[in-house]
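Notes for the one structure printed next.
The values are calculated or read from the model by the stated rules, or taken from the named source; none is laboratory data. What you see is a predicted model, and the numbers here were worked out from it, not measured in a lab. In this analysis, Cβ positions are derived from the backbone assuming ideal geometry, glycine residues included, and neighbour counts consider all displayed protein chains. For accessibility, only protein heavy atoms count, side chains too; no ligands or nucleic acids. Shrake-Rupley method; radii C 1.70, N 1.55, O 1.52, S 1.80 Å.
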Amino acid sequence: NNGDTDISILFADGYVTNFKLQVQLPPDEANEYLRDFSKGIEGMKVVRGNGTISNENDHLVFASNGDSIVIDENSPELFNSSVEFVVDPKTDAGNIGAVVRYSENGWTYIGIEGAGNQYGTGWFVKNSNGQSRSLVTDSTRIYANRVEPYKVKIKVVENTVTIYLDGAEIYIGVVNDLTRGRGKAGLRVAGNNTGTYQYLAVNSENVITSTD
């Protein structure tokens with residue numbers, strides 16, 4: 001896992017020096033993965049909650065029945081990745097987003113939390129450790145049965161998150177609540193909402209380093 005480790009060295013004369021050792025995973029292999037649900041939903045698995053999945057009219061239909069996560073077991077295990085999907089929510093309840101870095105050791109959710117209000121929609125980060133906080137309130141409220149479904153893309157590189165809605169960047173920032181291991185990708189739906197999904201795309205993302 002990536003992370004920081006505190007190191008202390010005690011010298012014979014009693015002097016102590018402290019420093020941080022940054023541990024990084026080797027880079028992910030390049031991956032471009034596209035799951036077209038018109039070709040079936042085999043490998044999609046509900047791993048949290050009582051949600052149900054089905055294939056209807058060549059789409060994945062994911063009903064939360066409370067608060068549920070479905071993972072694509074065929075998706076690559078990545079640390080730095082982007083997850084994109086097109087979804088048609090069936091109610092105005094919101095609570096739709098992406099799961100990244102899913103493994104038996106943890107997961108991170110980035111997406112809508114709650115139904116929104118006249119001021120817009122709240123986008124949150126939540127993780128398997130019980131941490132949850134708001135990232136941004138976007139002026140676009142998410143409604144059911146829009147003429148065009150919503151396209152959502154979540155990009156996670158190290159500890160930086162970028163959120164795109166319908167191709168427009170609505171948030172970028174450092175998020176220290178991300179879990180720190182590689183994992184697969186998936187979807188979360190809560191608030192008894194149901195989403196109809198056209199596809200799930202998962203790509204590896206490179207760390208951009210400065211050349212200055």
Quick one: order Thr137, Thr196, Thr108 from most to least accessible surface, probe 1.4 Å. Thr137, Thr196, Thr108
Interchain or sequence-distant (5+) residues whose placed amide H lies within less than 5 Å of the amide H of Val136 are Trp123
Each residue of region 78-90 in turn: what ³J(HN,Hα) in whole Hz from Karplus with 6.51, -1.76, 1.60 and θ = phi - 60°, glycine and Pro shown as x? 10, 9, 9, 8, 10, 10, 10, 8, 10, 9, 10, x, 9
Over region 16-158, what relative contact order in percent results from Cα pairs under 8 Å that are six or more residues apart? 19
Write down the accessible area per residue of region 73-212 in Å², having rolled a 1.4 Å probe over the full set of protein chains. 44
Scoring region 115-211 by relative contact order with C-alpha pairs under 8 Å, at least six apart, yields a percentage of 19
Dipole magnitude of region 136-212 about its Cα centre, charges +1 at Lys/Arg Cβ and -1 at Asp/Glu Cβ only, in debye to the nearest 20? 380
Give me the percent of accessible area attributable to carbon and sulfur for the chain, probe 1.4 angstrom. 45
The lysines whose Cα lies under 25 Å from the Cα of Lys184, excluding any fewer than 8 residues away in the same chain, are Lys39, Lys45, Lys126, Lys151, Lys153, Lys155
Using +1 on the beta carbon of Lys and Arg, -1 on that of Asp and Glu, and nothing else charged, what's the dipole of the chain about the Cα centre, debye to 20? 480
